[in-house]
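Coordinate-derived values only; no laboratory data. Given the structure is predicted, the values throughout are model-derived calculations rather than measurements. Don't worry about glycine lacking a Cβ; one is built from the backbone with ideal geometry, like all the others, and counts go over all protein chains shown.
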Amino acid sequence: AIPKGDTDTTSLETMVRSFQDSMSVGKTHKFWETQPVGQYKDLGDTTLPEGPIEPPTPLSEVKQEPYNLPSAYEWTTCDMESEETCDEVYLLLKNNYVEDDENMFRFNYSKEFLRWALCTPDYYKSWHIGVRAKSSKKLVAFISGVPARIRVRDNVVKMAGINFLCVHKKLRSKRLAPVMIKEVTRRVHLENIWQASYTAGVVLPTPITTCQYWHRSLNPKKLIDVGFSRLGARMTMSRTIKLYKLPESTVTPGFRKMETRDVPAVTRLLRNYLSQFVVAPEFDQSDVEHWLLPNENVVDSYLVEGPDSHEITDFCSFYTLPSSILGNQSYFTLKAAYSYYNVSTKTPLPQLMNDALIVAKQKDFDVFNALDVMHNESFLRELKFGPGDGQLHYYLYNYRIRSALKPSELGLVLL
Ligand code: MYA
């Protein structure tokens, strides 16, 4: 589900949800039971080895033809560099992608964001998969993958990062999603890649970890007006506005926007930092250039440069993901920043992130979201983030982990 703020930290909703999630362990998963993923029945079985669940098959044994779709539909490969196709994917997601539990908000990934997320330096066009209605040619479903190198403990594994699975609202519950997942799997196998990583708001067999979203109000009045958050107990609007007020400008000396010339230093800083987590991306300079160089209205990155040494000691970043506000007369979009990768070696992390909040406020974001991954716990409460009702489950395909990780052992942020 889309994360949503909730100032009432012990909300009944959250308790009901975690109860429902725990019940899902007893649910049957007709599709997922057939897949090489951690199965519920194996939970707690410490005799099973960590690593690939199934070995790779010879490429000649990978199915050569696409899976069958219901006869009214056909596969299409989406060229995201084409303006028209990118528009079609954008609109499908804008109208049919992830909503919060109460259907008040829906993710509205921008076209520039989708291009950034999907057209990575070494992407495969064949992994950007659409489904069209044969008669009207209307795009009715989508799933995508991009290549990624993910390290699990000491092993760097080539994976597909799967994202943007979406079936048009009118075609739901017809078992189209399993066909799409099998088709993307086949196309990933054709590139001799056998593992994948993905996140979802729903519980499936079996998360490697479950993270919680936290929200820092930047524009509390709007957040309350649109129902994203509630006025706290014994709080007035003016006290709430005062509580979340931030300085006009950043406080850390040497805090500035990342530039192309910083790519080598940021890569070193980030690689060193991510090496401490159990699961993390293995970034090289070209990854840092793509994923972390500022890209307007998509990703923002800042760093701290020492006054004399010019050494880069700290780094923070966030990506831009607005949500449509469904059925509100005065507001149409919620402008949200999502914490991405942050590294502190000299500036305390809370101070660094406070500067990130200040620039996000300057850029007119309404809310700053962060998961409890990496060292984020060390700044969330101090900087007045509140726990949301959104949970995000992380998964690996065809890779078994001995036992679930703590969110703080995870060094991976998926979009
Ligand atoms: S997460 C974002 C997912 N998108 C949305 O939530 C948008 C709104 N919802 C929809 O568009 C539809 O409800 C979707 C399901 C398309 C999600 N991940 O066709 P169905 C299983 C995986 O009748 P529909 C993201 O993008 C469900 O448990 N499986 O259902 C990452 C059931 O299986 P089982 C999911 O509602 C995606 C089956 O589908 C998800 O019409 C990672 C029902 O199919 C989900 N989010 O369509 C995909 N939701 O009976 C996996 C439901 O067994 C990638 N299901 O419980 C795996 C790695 C592949 C590559 C491997 C390479 C080696």
With Cα atoms, 0 to 90° folded angle of helix 349-362 axis to the chain main axis: 90
Cα coordinate range in the range 314-357, projected on the principal axes (Å, largest first): 46, 15, 8
Charge dipole magnitude, Cβ of K and R +1, D and E -1 - the range 332-415, Cα centre, debye nearest 20: 180
Gain in span if fully extended, residue 101 to residue 62, counting 0.36 nm per residue against the direct Cα distance: 10.2 nm
Set 111/384; 111/346; 41/111; 242/335 screened for pairs whose C-alpha atoms are more than 30 Å apart: 111/384; 111/346; 41/111
Potential extension, residue 362-residue 137 segment - 0.36 nm per residue separation minus Cα distance: 76.7 nm
Cα gyration tensor of the range 158-238 - equivalent ellipsoid semi-axes, whole Å, descending: 39, 17, 12
Over 24 Å (Cα to Cα) - which of 257/363; 27/125; 221/361 fall in this group: 27/125
Average Cα contact separation per residue, the chain, under 8 Å, 6 or more apart, as relative contact order %: 25
Nitroxide proxy distance, nm - points 7 Å out along Cα→Cβ at residue 174 and residue 186: 1.9
Net charge of Cβ neighbours under 15 Å - reference residue 57; Lys, Arg +1; Asp, Glu -1: +1
Mean Cβ count within 10 Å, highest first, over the residues of peptides 140-152, 92-104: 140-152, 92-104
Helix 83-96 vs. the chain, principal-axis angle (Cα, 0 to 90°, nearest 10): 80
Distance from the range 280-349 to the range 200-238 (C-alpha centre basis), Å: 20
Whole-angstrom gap from the range 103-141 to the range 388-415, using each part's C-alpha centre: 24
Residue-by-residue Karplus 3J(HN,Hα) for the range 308-321, coefficients 6.51, -1.76, 1.60, Hz, glycine and proline x: 9, 6, 6, 6, 8, 10, 8, 8, 8, 8, 8, 10, 9, 9
Protection proxy ranking, peptides 401-409, 221-229, average beta carbon neighbours within 10 Å, highest first: 221-229, 401-409
Chain lengthening between residue 72 and residue 382 when straightened (0.36 nm per residue, less Cα-Cα): 106.2 nm
